[in-house]
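As structure tokens, the structure follows; a few thoughts come after it.
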Amino acid sequence: MKTKVGESPPLLQLRNITKRYGTYVANDSVYLSLEQGQICAILGENGAGKSTLMKTIYGIQQPDEGEIVWNGEKVAVTSPSVARDLGIGMVFQHFSLFETISVVENISLTVPGSLPDLSEIISQKANEYGLHVNPDAPVHGLSVGERQRVEIIRCLMQDPKLLILDEPTSVLPPHSVQQLFGTLRKLSERGVAMLYISHKLEEIRDLCHCAVVLRQGRVTGTANPRQATSAELARLMIGQAIPTARHAEAKPSCEPALTVSDLSYDNPDPLGESLDSVSMVVRPGEIVGIAGVSGNGQSTLARLLSGEIRLQSDMASRIRVFDRSVGDTQPGMRRELGVTFVPEERLGRATVPAMSLADNVLLTAHRAGLVRKGLIRRRQQADFADSCISGMDVRSRGRQSIASSLSGGNLQKFVLGREILLEPRILIVSQPTWGIDVGAAAMVRQKLVDLRDTGTAILMISEELEEIFEISDRIHVMYHGRLSPSVQARSVTAEDVGRMMMGEFDQTMRAA
Amino acid sequence: MMDTIIFVLAGAFATATPLLLAAIGEAVVEKTGVMNLSVEGMMAFAAAVAFAVTYQTGNIVLGFGLAVGASVALSLVFSVLVLAFSANQIVSGLAVGILGLGLSSLVGRNFENLTMMAPANLSPPVLSELPLVGLILFQQNAITYLAFAVAFLTWWFLARTRHGRITKVVGEDPAIAHNLGFAVIRIRLFAIIFGATMSGLGGAYASTILTPGWSDGLIAGRGWIAVALVVFGTWRPLRIAFGAYLFGALLLGDLAVQATGFSVPPQIMTSLPYVMTIVVLAAVSRNALLIRLNAPVSLGQNFRPSK
């Protein structure tokens, strides 16, 4: 392809990029073109091939076909260091920092220079872009927001011409999102181009100049996000508008189902999360949401509630199910009382990766008449597994599929379906829609609301603020192992909750 | 009495040397996330080769060279299993270790119970004539100085250099290291070869300098002590050096106590180093943060880069 005389070629062009894993085609003949300073959104469902494409551009993996053209010249990006030399930087979704060394040591891994020199440049860049971090701080002590700043500073120190951002806002409180956007706009004005992966359509309309939609590995459309509505973008992405959960006023009864009172826990892992006198109540017929950036104690709380971590017996009454003290009991005992759990790790905590879906059903549903006198009732087991698979629209090759062969989103639907079919009196669910695409997420939320309406008490721990607002009746916020008092979901704004996510709830509480 | 103390303090450097070499090597291997439990076998094989070659040719340098070669050859078998085929590290290490012990018996068969002269220790002028200090510090073998120098250099490498940091982070999270563009498998291979070189030196030292003779089972658990020392020292080279020295002193304490005429049952003295290991391990693991920051998180886990 020749460029016209006097016109500079695009910064990045992808031509016919194809990437296969065995028979599965992750990217199918993708074309893309990006100008200097342009911020382009990459939209698509889970498994649409967005991350594969970004990894190819950053040189983590090689395409099977096609070419990458950089400033008009064909290049072979054989490794991330080649990409960095070209001027391509990447901010990873799950960060790529090492916890046991300091900020500047992390940066020194990929940026040449002595530690004192690097520290100085870090401080300089930090001031220039308003990204404050202490170069000598050990990474394990940093919040997620700070970690992301470190990632971005690391990219900026290599003077990038293209920045790849993979769902950068999924872990940030609202306040930090605006700060991040400020930085990105400043970079764009200086000519840095960006590829921006996100599920959040409003953000894309706010920030991006163009949008490319991927479906099943192919580019299926482009849009101008400034002009398109969120509904139009959603339709391009999943072929339909996103349904929102029908959500009638909750009618909770007054008897609490789950009571947590003054629960404190010192985590023996010094880098783990501890809890500081957490108290809350969940009543039958309501959904209580726990918001907050992950890493503030949510996973410890979930493990204490499920019985994976057991309290000393003198502390047993800190967790009560109806009128029973359960703090020192095993998970099985709690399940006997009608509590079910959906942990955030699907493989290894919610399912056994190497077992079939049918056998995974047995793990928790053996109480539902699938076992008689210690023998498995195959018919009932198959029926249960099938109704779980069809009821939740789990895309798999039937109940004999191995759990680890399912995509993350489908496995999550399966686990949720299994626990919902048990007709729990209390459901404790962590990150119900993590990694699920928007269409399936809407279905999951509707199922939770329907379950609530049957009189189940639901505790939902989620990082997605929109999700918390969409289906919770009351909201708590977790910050540094402490839990805020609850607020009514209908009477509070996202800004209020955002402030609480930064730890400002003691003041709120005193003012009230 | 004074003579006994000097004997222990000076002799501890010599007995610590093979432990220190092997432990430093293993520490670097474990820092990259690989658990190589064939240290005992590598040391034994190297010891047999070193003695056989030195006895036959009279050339101790050649003996050390071939011993290191033998040890590295064994570690390459381990590397192929673990790095190329993602075999379980513990099982592969044990299997290769047993192979090494078997090879050492095979090589040493014709040399059973033979002895030879140990090369003279270095005694630099002036320094070695200093009172006390000279006796303890400056009449040691060249390999002993090398061992402590290696410990110091390894500390410097891990703490102060960029490549050292890369070595460490590969053991913390190989997937992230791969995403940043580091060749995880190659770095682990280099570490394994370094570890084998150190084990080989340690084994050769044991059969040609420390007790210059061959009998089957000469290494007698030193490889396992080295593996324990790595944890004892929480993967930090200078602590490992201290631990090795302490261990060396305790091993000699046995002889020393007999010489002073105290009647302590020999079983107690012989078991003392092992009891001490257990006590110190328990004490060290009280500082959880220290261990968390130094222990390689991915230890024992294989990594396969996606292509």
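Quick check, is A:Leu162 modelled with pLDDT of 90 or more, of a type outside the set (Gly, Ala, Ser) and touching a strand residue (DSSP E or B) at 6+ places or on another chain (Cβ under 8 Å)?
Spelling it out, A:Leu162 is indeed modelled with pLDDT of 90 or more, of a type outside the set (Gly, Ala, Ser) and touching a strand residue (DSSP E or B) at 6+ places or on another chain (Cβ under 8 Å).
Is it the case that A:Ile42 is within 30 Å of A:Ser405 (Cα to Cα) and either away from chain B (no Cβ under 14 Å) or of a type in the set (A, V, I, L, M, F, W, C) (or both)?
Against the criterion (within 30 Å of A:Ser405 (Cα to Cα) and either away from chain B (no Cβ under 14 Å) or of a type in the set (A, V, I, L, M, F, W, C) (or both)), A:Ile42 qualifies.
Scanning for something over 20 Å from A:Gly408 (Cα atoms), in a strand (DSSP E or B) and of a type in the set (A, V, I, L, M), does the range A:354-365 turn up at least one residue?
Within the range A:354-365, none of the residues are over 20 Å from A:Gly408 (Cα atoms), in a strand (DSSP E or B) and of a type in the set (A, V, I, L, M).
Of the residues A:Val171, A:Val219, A:Val212, A:Val177, only one is touching a helix residue (DSSP H, G or I) at 6+ places or on another chain (Cβ under 8 Å), at pLDDT 75 or above, surrounded by 14 or more Cβ atoms within 10 Å (Cβ to Cβ) and among the hydrophobic types (A, V, I, L, M, F, W, C); which?
A:Val177 is the lone residue from the list that is touching a helix residue (DSSP H, G or I) at 6+ places or on another chain (Cβ under 8 Å), at pLDDT 75 or above, surrounded by 14 or more Cβ atoms within 10 Å (Cβ to Cβ) and among the hydrophobic types (A, V, I, L, M, F, W, C).
Those residues that are in a loop (DSSP other than H, G, I, E, B) and touching a residue at least 40 places away in the same chain (Cβ under 8 Å), I need them from the range B:118-138; list them, please.
Selection gives B:Ala118, B:Pro119, B:Leu132.
More than 14 Å from every other protein chain (Cβ to nearest Cβ), β-branched (Val, Ile, Thr), more than 30 Å from A:Ser405 (Cα to Cα) and buried (at least 16 other Cβ atoms within 10 Å of the Cβ): is that true of A:Val30 in this structure?
no
From the list B:Gly253, B:Gly217, B:Gly221, which one is at positive phi, more than 14 Å from chain A (Cβ to nearest Cβ) and over 15 Å from the mean Cα position of the chain (by Cα)?
Selected residue: B:Gly217, the only one of B:Gly253, B:Gly217, B:Gly221 that is at positive phi, more than 14 Å from chain A (Cβ to nearest Cβ) and over 15 Å from the mean Cα position of the chain (by Cα).
Report yes if some residue within the range A:218-235 is over 19 Å from A:Arg474 (Cβ atoms) and acidic (Asp, Glu); otherwise report no.
yes
Could you check how many residues of the range A:19-33 are within 27 Å of the chain's Cα centre (by Cα) and under 17 Å from A:Ala76 (Cα atoms)?
Total meeting the criteria: 3.
This table checks each residue for (1) in contact (Cβ under 8 Å) with a residue 24 or more places away in the chain; (2) more than 22 Å from A:Leu11 (Cβ to Cβ); (3) surrounded by fewer than 21 Cβ atoms within 10 Å (Cβ to Cβ).
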{"position": "A:Asn127", "(1), (2), (3)": "no, yes, yes"}
{"position": "A:Ala137", "(1), (2), (3)": "yes, yes, yes"}
{"position": "A:His140", "(1), (2), (3)": "yes, yes, yes"}
{"position": "A:Ser143", "(1), (2), (3)": "yes, yes, yes"}
{"position": "A:Arg149", "(1), (2), (3)": "no, yes, no"}
{"position": "A:Cys155", "(1), (2), (3)": "yes, no, no"}
{"position": "A:Leu163", "(1), (2), (3)": "yes, no, no"}
{"position": "A:Asp166", "(1), (2), (3)": "yes, no, yes"}
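Select, from B:Gly100, B:Gly93, B:Gly41, B:Gly33, the only residue that is crowded, with 24+ Cβ neighbours inside 10 Å and not in a helix (DSSP H, G or I).
Only one candidate qualifies: B:Gly33.
Working only within the range A:442-478, note down all residues that are under 17 Å from the mean Cα position of the chain (by Cα) and basic (Lys, Arg).
A:Arg445
How about the range A:324-363: which of its residues are among the polar types (S, T, N, Q) and within 22 Å of A:Leu311 (Cβ to Cβ)?
A:Ser325, A:Thr329, A:Gln330, A:Thr340 - these are the residues of the range A:324-363 that are among the polar types (S, T, N, Q) and within 22 Å of A:Leu311 (Cβ to Cβ).
Mind checking which residues of the range A:334-359 are of a type in the set (Gly, Ala, Ser) and closer than 22 Å to A:Gln380 by Cα?
If the condition is that a residue be of a type in the set (Gly, Ala, Ser) and closer than 22 Å to A:Gln380 by Cα, then A:Gly338, A:Ala350, A:Ala354, A:Ser356, A:Ala358 are the ones that fit.
For (1) in contact (Cβ under 8 Å) with a residue 40 or more places away in the chain; (2) of a type in the set (A, V, I, L, M); (3) buried (at least 19 other Cβ atoms within 10 Å of the Cβ), each residue gets a yes or a no:
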position	(1), (2), (3)
A:Phe92	yes, no, yes
A:Ser96	yes, no, yes
A:Glu105	no, no, yes
A:Thr110	yes, no, yes
A:Asp117	no, no, no
A:Glu120	no, no, no
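Just give me the residues in the range B:1-41 being within 17 Å of B:Ala67 (Cβ to Cβ) and of a type in the set (S, T, N, Q), in sequence order.
Of everything in the range B:1-41, those that are within 17 Å of B:Ala67 (Cβ to Cβ) and of a type in the set (S, T, N, Q) turn out to be B:Thr17, B:Ser38.
Scan (1) in a helix (DSSP H, G or I); (2) surrounded by fewer than 16 Cβ atoms within 10 Å (Cβ to Cβ) for the single condition B:Phe13 breaks and write down its number.
(2)
Going residue by residue through the range A:39-60, is there one that turns out to be modelled with pLDDT under 90, surrounded by fewer than 15 Cβ atoms within 10 Å (Cβ to Cβ) and not charged (D, E, K, R)?
No, the range A:39-60 has no match at all.
Looking only at residues in the range A:421-443 that are under 21 Å from A:Leu347 (Cα atoms) and at pLDDT 90 or above, which one is surrounded by the most Cβ atoms within 10 Å (Cβ to Cβ)?
A:Leu427
Could you list, in sequence order, all residues of the range A:256-271 that are within 14 Å of chain B (Cβ to nearest Cβ) and surrounded by 14 or more Cβ atoms within 10 Å (Cβ to Cβ)?
The answer is A:Asn267, A:Pro270, A:Leu271.
Please state which one of B:Val231, B:Val284 is more than 14 Å from chain A (Cβ to nearest Cβ) and at pLDDT below 85.
B:Val284
Run down B:Ala177, B:Ala147, B:Ala151 and say which single residue is touching a helix residue (DSSP H, G or I) at 6+ places or on another chain (Cβ under 6 Å), in a helix (DSSP H, G or I) and under 24 Å from B:Arg304 (Cα atoms).
Only one candidate passes the filter, namely B:Ala177.
Take the conditions farther than 20 Å from B:Glu30 by Cβ, assigned to a helix (DSSP H, G or I), at pLDDT 95 or above and among the aliphatic types (A, V, I, L, M) and apply them to B:Ala191. Does it pass?
no
Between B:Gly171, B:Gly164, which is of a type in the set (Gly, Ala, Ser), farther than 22 Å from A:Gln61 by Cα and part of a helix (DSSP H, G or I)?
That would be B:Gly164, the only listed residue that is of a type in the set (Gly, Ala, Ser), farther than 22 Å from A:Gln61 by Cα and part of a helix (DSSP H, G or I).
For the range B:169-184, which residues satisfy the criterion of being within 7 Å of another protein chain (Cβ to nearest Cβ) and under 20 Å from A:Gly89 (Cβ atoms)?
B:Val169, B:Asp173, B:Ile176, B:Asn179, B:Leu180, B:Gly181
The values are calculated or read from the model by the stated rules, or taken from the named source; none is laboratory data. Computed from a predicted model, the values in this text were never measured in an experiment. Using ideal geometry, Cβ is built from the backbone for each residue, glycine included, and neighbour counts are taken over all protein chains shown.
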